[in-house]
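The values are calculated or read from the model by the stated rules, or taken from the named source; none is laboratory data. Quantities reported herein were computed from a predicted structural model and do not represent experimental measurements. Methodologically, a virtual Cβ is constructed for each residue, glycine included, from the backbone with ideal geometry; neighbour enumeration extends over all protein chains shown. Keep in mind that these areas ignore ligands, DNA and RNA; they rest on the heavy atoms of the full protein, side chains included. Shrake-Rupley method; radii C 1.70, N 1.55, O 1.52, S 1.80 Å.
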Amino acid sequence: MTDEIARLRLKDAWRECERNLYHMCHALVLLEPVLPMMGHVFELLTDTQIQILDQFILRFTKLQDAIIGHLFPSLLLYLQEQYEDRPLLDKLNRLEKLGYVKNAESWQDIRNIRNKFAHDYPDDEDKNASLINVANTAAEEMFLILIAIEKKLKTDLPSLNFERELSVQYPASWVCLKR
């Protein structure tokens, strides 16, 4: 595979992540009045709030899938690391060693949260509310990971240009982003 194809794959994966991040954050900003979520609040969500919550869940899932399934593999490919056929944990550990991921194990937690969205708990508002709160924290972690990857790419590979910086309106509740 040529360097140009690897670069294009990485840029496509990055744009996919940007798009999902933007919509996920937009949904979280709209949900801020009901966050952190409580079971009794979850039970009283309006139809509009439920649609926004569904958008958050969809984009959270898509962003996690895009990072794991497209961005990380294309990043390793661009860096000419031979990890295409390796298990996910090996890829994560390699990216951690290269300095693109701070903690490979945190991705297992994010992946578990993503998988919990596949289950519906219609009679347990407290459990649903708790999952939304945990996912909000994981969404913040994914945002910070993308920011760190962007920064490292700019430092290590300045010739790789994503055309624009990662910029989204993020929820005020994301305290670790306040600088």
With criteria (1) loosely packed, with under 14 Cβ neighbours inside 10 Å; (2) assigned to a loop (DSSP other than H, G, I, E, B); (3) not acidic (Asp, Glu), LYS151 comes up short on (2)
Looking at region 154-179, which of its residues are at pLDDT below 80 and assigned to a helix (DSSP H, G or I)? VAL175, CYS176, LEU177
Cβ-Cβ distance below 7 Å, separation of 6 or more or different chains: which pairs start in region 13-28 with a residue that is among the hydrophobic types (A, V, I, L, M, F, W, C) and end on one that is open to solvent by 50 Å² or more (accessible area, probe 1.4 Å)? ALA13/HIS70; CYS25/GLN169; CYS25/TYR170; ALA27/GLN55
Restricted to region 122-140 and to residues being open to solvent by less than 40 Å² (accessible area, probe 1.4 Å) and of a type in the set (Gly, Ala, Ser), the residue nearest to the chain's Cα centre (by Cα) is ALA139
Does LEU71 satisfy the condition of being of a type outside the set (Gly, Ala, Ser), surrounded by 16 or more Cβ atoms within 10 Å (Cβ to Cβ) and touching an Asp or Glu at 6+ places or on another chain (Cβ under 9 Å)? yes
Among the residues in region 39-50, are any small (Gly, Ala, Ser) and out of contact with any Lys or Arg (no Cβ under 9 Å at 6 or more places or on another chain)? no
Among the residues of region 1-55, how many are more than 19 Å from the chain's Cα centre (by Cα), surrounded by fewer than 17 Cβ atoms within 10 Å (Cβ to Cβ) and under 28 Å from TYR100 (Cβ atoms)? 6
Of the conditions (1) within 17 Å of the chain's Cα centre (by Cα); (2) open to solvent by 20 Å² or more (accessible area, probe 1.4 Å), PHE143 fails just one. Which one is it? (2)
Regarding LYS91, is this residue open to solvent by 10 Å² or more (accessible area, probe 1.4 Å), within 16 Å of LEU10 (Cα to Cα), in contact (Cβ under 8 Å) with a residue 12 or more places away in the chain and of a type in the set (D, E, K, R)? yes
Could you look through region 1-40, keep only residues that are among the small types (Gly, Ala, Ser) and modelled with pLDDT under 95, and pick out the one that is nearest to ALA139 (Cα to Cα)? GLY39
